[in-house]
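> For reference, the structure I am asking about is given below.
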Amino acid sequence: MPETTMLEAIRQALYEEMERDPAVVMLGEDIGVYGGAFKVTEGLLARFGRDRVIDTPISETAIVGAACGMSYLGLRPVAEMQFIDFIACCFNQVTNFIAKSHYRWGAPVPMVLRGPSGGGVHGGPFHSANPEMYFVHTPGLKVVYPSTAYDAKGLLKSAIRDNNPVLFFEHKFLYRRIKEQIPEGDYTVPIGKAIVRREGRDLTIVSYAAMVHTSLEAAEQLAKQGIDAEVIDLRTLLPLDRETILASVRKTNKLLVVHEDTRTGGIAGEIAAIVCEDAFEDLDGPIARVTGLDTPVPYAPPLEERFLPNKEKVVVAASELAKY
Amino acid sequence: MNHSLTRERQLELYYYMQLNRQLEERMERLFRQNKIVGGLYSSLGQEAVSVGTAYALETRDWIAPMIRNIGALLVKGLKPRDIFTQHMARYTSPTLGKDGTSHFGDLKVRHVVSPISMLGDLIPVMAGVAIAGRYLAQNIVAMTWIGDGGSSTGAFHEGLNLSATLHAPFVLILENNQWAYSTPVSHQVPIKNLADRAVAYGIRSRIADGNDVLAVYNTTKEAVDECRAGRGPILVEVKTMRIKGHAQHDSAQYVPRRMLDFWKARDPITRFEKYLTESKLWDAKQKSEVDARIERELDEDQKFAEESPMPPPELAEQGVYCDGCHTIEADWHRPKNELMPPASSVEAVWEVADFGALSEVGAHRKQASAAGGNGKKSARPAAKPVTNVAPKEPPKSSSHGPAQSDVSKQPALRVPFGRGPAKGKPFEPRPHDKRGRH
């Protein structure tokens with residue numbers, strides 16, 4: 001099997017789903033002739049035509065609104081945000097129109113809204129954000145954030161086949177930096193299921209997206225210090241897989257949450273609340289977190305480095321936690 | 001009036017307008033009895049807009065009403081009981097009590113998309129409905145309404161521009177009722193005819209007297225027919241007046257008395273009744289038969305609503321996601337293989353019809369292919385690039401737009417309100433206001 005990047009895995013998922021089902025259509029800015037700002041959609045226009053790969057004006061509200069309208073007629077549109085930061089431009093469509101549609105009047109919105117997210121590439125305050133928690137706080141949406149090429153392909157296929165609006169975050173730092181062998185042909189990864197990436201006994205590190213890799217590197221270093229960390233990759237943030245988190249905490253009795261998103265209102269707070277509610281007596285130490293700063297993502301490399309969690313910060317926090 | 005509606009269909013227009021009005025009058029009484037759970041938004045005086053526009057559509061067409069377009073819902077086949085139960089938050093309502101007012105829809109049978117309270121967002125959604133309908137070869141038209149107030153939103157612009165760019169079979173009714181809550185249209189938008197905005201989107205527009213149901217119907221019917229024939233989106237402005245306040249709590253003291261009187265004298269139902277009588281299309285007996293039928297239907301549906309239970313509390317926790325409760329399947333009216341490779345495959349290049357320089361405006365127009373191709377290959381432009389050509393004459397203001405009026409040619413005029421009379425001057429419609437009339 002050939003080695004595949006995350007970006008290529010995402011393109012494969014789009015390509016295969018469009019081959020499988022003519023109800024799958026795409027729309028977004030510069031996705032057709034140009035093939036997308038990161039070339040995720042390269043080659044799709046030539047193969048599937050202008051009715052199925054629609055280059056739109058720069059208008060995020062119109063892109064998402066039109067995708068919603070198309071889904072009402074039974075299509076399964078995949079809308080692209082050129083950078084996920086621009087999802088703020090269509091916040092109303094996503095949170096008020098799409099998310100509430102099924103609950104309010106029983107109209108499912110089987111669409112995917114995907115786009116490159118996250119920092120570490122010197123994109124500055126408007127091309128580096130992790131806005132997932134705005135939407136994790138919005139009932140009716142599903143929020144998916146994969147960390148591997150295998151999961152990216154399988155989860156995107158699940159998202160396209162899901163009857164609900166799925167926000168699919170693609171960490172752009174991982175697009176071309178991770179490679180792995182993935183099976184050829186069709187497979188899916190279920191939405192709403194976390195996975196244990198590394199088994200351990202001493203403490204649990206819960207993370208997602210690029211920070212899974214940071215956490216795994218930290219776990220290797222912690223192992224040299226005699227600390228055996230378990231690493232959980234959430235993969236889906238909404239609905240959250242509470243059981244996998246709780247089962248791990250019941251085993252290790254200690255919890256560290258690592259995410260790139262800003263600290264206040266990040267998912268670490270929600271996970272801490274869940275563990276306090278359902279596994280308080282299993283805890284042997286305080287719930288710790290390593291997160292992005294409560295600031296915009298800054299531009300200059302030394303500033304962005306300061307903003308982002310890294311292996312060292314995770315190792316320090318985990319070592320402190322292990323002392324309890 | 002030049003129209004092709006049979007007597008029966010004209011009487012049906014009356015039926016829907018009167019049903020709309022009587023339904024709302026009953027709901028006002030229910031509101032005063034504290035039986036309406038939330039707000040109540042009257043469409044008094046605007047019935048001809050809701051009914052006349054929706055009446056121009058086919059069963060297969062799609063609509064998304066605004067909150068006041070109850071008449072459009074009735075024309076589309078939804079029942080007074082749906083409106084009663086929605087407002088009274090009953091378990092028997094289309095949303096089971098999860099939302100109120102006209103905030104409901106019907107995807108499968110009536111093809112109605114539910115509005116949300118934020119104005120403008122329906123425009124891109126219905127543009128998407130129109131594009132999907134074309135993709136599936138359903139030959140449908142998508143229609144929604146926007147107010148004078150809502151036409152200032154960003155979603156209005158994005159949606160209309162997208163629909164124009166994609167040549168969508170989409171009709172936007174701009175229901176100019178003169179007031180956005182308490183703010184008159186002249187203080188929201190510095191142009192007299194909101195239809196003029198169509199010029200900026202490169203789409204066609206029309207204007208109709210919104211208190212003349214036949215004018216509304218005729219204008220909309222032409223717009224719908226053109227749209228279905230593939231001529232792209234169209235903006236129809238209908239000029240009317242919101243007779244009541246924004247909602248029940250609002251006594252609308254801010255509306256000038258003379259303006260209210262002006263519009264009350266043009267009540268759409270009184271006008272149409274007079275027309276039907278003068279044209280001898282009915283007599284007193286036939287009118288009372290229709291009115292009695294309306295009373296009967298409303299009695300029955302109001303009783304149904306009042307006897308319906310509230311939803312069980314546990315319903316609050318259900319239905320956030322579709323867990324297989326709906327089957328999602330498009331209604332294909334064309335062979336799917338047309339949309340699959342290799343039939344769908346194209347050369348991934350742009351067709352650029354002209355090169356954007358001042359000197360060549362129009363030079364390559366005839367070579368431009370029609371927008372919105374159906375995924376078929378078309379010839380690349382034969383035009384050759386022209387470089388370094390200085391403009392020979394100063395740029396002209398664009399007056400070649402497909403819309404039918406040009407604001408710049410009209411004399412500057414401050415109009416105190418809507419189409420009402422200017423101070424000390426008798427009211428006289430100006431020629432361009434007659435465009436929607438026949």
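> For B:ASP301, indicate whether it is buried (at least 16 other Cβ atoms within 10 Å of the Cβ) and more than 14 Å from chain A (Cβ to nearest Cβ).
Here the answer is yes, as B:ASP301 does meet what is asked.
This table checks each residue for (1) at pLDDT 95 or above; (2) within 11 Å of another protein chain (Cβ to nearest Cβ).
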| position | (1), (2) |
| --- | --- |
| B:PRO311 | yes, no |
| B:GLN318 | yes, yes |
| B:CYS325 | yes, yes |
| B:LYS392 | no, no |
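> Same structure again: Could you check how many residues of the stretch B:84-102 are within 8 Å of another protein chain (Cβ to nearest Cβ) and of a type in the set (Ser, Thr, Tyr)?
1
> For the structure I just gave you, tell me whether B:TYR16 is of a type in the set (Phe, Trp, Tyr) and not in a helix (DSSP H, G or I).
The answer is no for B:TYR16.
> Moving on to the next point. From the set of residues in the stretch B:135-156 that are facing another protein chain (nearest Cβ under 8 Å) and outside any loop (DSSP other than H, G, I, E, B), which is surrounded by the fewest Cβ atoms within 10 Å (Cβ to Cβ)?
Per the criteria, the residue is B:GLY154.
> The conditions are (1) touching a helix residue (DSSP H, G or I) at 6+ places or on another chain (Cβ under 9 Å); (2) free of Cβ contacts under 8 Å to residues at least 24 places away in the same chain, and A:ARG50 fails exactly one of them. Which is it?
So the condition that A:ARG50 fails would be (1).
> Additional query: Restricting the search to the stretch B:161-172, which residues are more than 9 Å from chain A (Cβ to nearest Cβ) and either in a loop (DSSP other than H, G, I, E, B) or closer than 19 Å to B:ASN69 by Cβ (or both)?
B:HIS167, B:PRO169, B:PHE170, B:VAL171, B:LEU172
> Sticking with this one: Could you list all residues from the stretch B:103-133 that are over 26 Å from B:LEU194 (Cβ atoms), within 8 Å of chain A (Cβ to nearest Cβ) and surrounded by fewer than 24 Cβ atoms within 10 Å (Cβ to Cβ)?
Within the stretch B:103-133, B:LEU107 is the sole residue that qualifies.
> For the stretch A:177-195, which residues satisfy the criterion of being away from every other protein chain (no Cβ under 14 Å), closer than 28 Å to A:VAL94 by Cβ and in contact with an Asp or Glu (Cβ under 9 Å, 6 or more places away or on another chain)?
Those that are away from every other protein chain (no Cβ under 14 Å), closer than 28 Å to A:VAL94 by Cβ and in contact with an Asp or Glu (Cβ under 9 Å, 6 or more places away or on another chain): A:VAL189, A:LYS193, A:ALA194, A:ILE195.
> Now, a different point. So is B:MET17 more than 22 Å from B:ALA127 (Cβ to Cβ), more than 19 Å from the chain's Cα centre (by Cα) and not small (Gly, Ala, Ser) or not?
It is false that B:MET17 is more than 22 Å from B:ALA127 (Cβ to Cβ), more than 19 Å from the chain's Cα centre (by Cα) and not small (Gly, Ala, Ser).
> Hey, any hits in the stretch A:107-123 for a residue that's over 23 Å from the mean Cα position of the chain (by Cα), facing another protein chain (nearest Cβ under 9 Å) and at positive phi?
no
> Now a separate question. Going by the structure shown, is A:LEU203 surrounded by 18 or more Cβ atoms within 10 Å (Cβ to Cβ), in contact (Cβ under 8 Å) with a residue 60 or more places away in the chain and not acidic (Asp, Glu)?
yes
> Given the conditions (1) more than 19 Å from A:ILE178 (Cα to Cα); (2) more than 10 Å from chain B (Cβ to nearest Cβ); (3) assigned to a helix (DSSP H, G or I), report the number of the one that A:ALA13 does not fulfil.
(1)
> Can you tell me which residues in the stretch B:219-276 are surrounded by fewer than 16 Cβ atoms within 10 Å (Cβ to Cβ), at pLDDT 95 or above and hydroxyl-bearing (Ser, Thr, Tyr)?
Correct list: B:TYR254, B:THR270.
> Given A:LEU174, A:LEU141, which one is closer than 25 Å to A:CYS68 by Cβ and in contact (Cβ under 8 Å) with a residue 60 or more places away in the chain?
Unique residue meeting the criteria: A:LEU141.
> Kindly provide the set of residues from the stretch B:96-154 that are closer than 28 Å to B:GLY319 by Cα, over 16 Å from the mean Cα position of the chain (by Cα) and polar (S, T, N, Q), ordered by number.
Scanning the stretch B:96-154 gives a single hit, B:THR101.
> Next question. Look through A:THR56, A:THR61, A:THR95, A:THR4 and report the one residue that is under 21 Å from the mean Cα position of the chain (by Cα), within 11 Å of chain B (Cβ to nearest Cβ) and of a type in the set (S, T, N, Q).
A:THR95
> Can you tell me which residues in the stretch A:132-160 are away from every other protein chain (no Cβ under 14 Å) and part of a helix (DSSP H, G or I)?
Across the stretch A:132-160, the qualifying residues are A:GLU132, A:MET133, A:TYR134, A:ALA149, A:TYR150, A:ASP151, A:ALA152, A:LYS153, A:GLY154, A:LEU155, A:LEU156, A:LYS157.
> Specify which of the listed residues (A:VAL212, A:VAL143) is crowded, with 19+ Cβ neighbours inside 10 Å, closer than 30 Å to B:GLY319 by Cβ and not basic (Lys, Arg).
One residue alone meets the criteria, A:VAL143.
The values are calculated or read from the model by the stated rules, or taken from the named source; none is laboratory data. Note that the coordinates shown come from a computational prediction; the quantities given were computed from them, not determined experimentally. Glycine also receives a Cβ, built like all others from the backbone with ideal geometry; neighbour counts cover every protein chain displayed.
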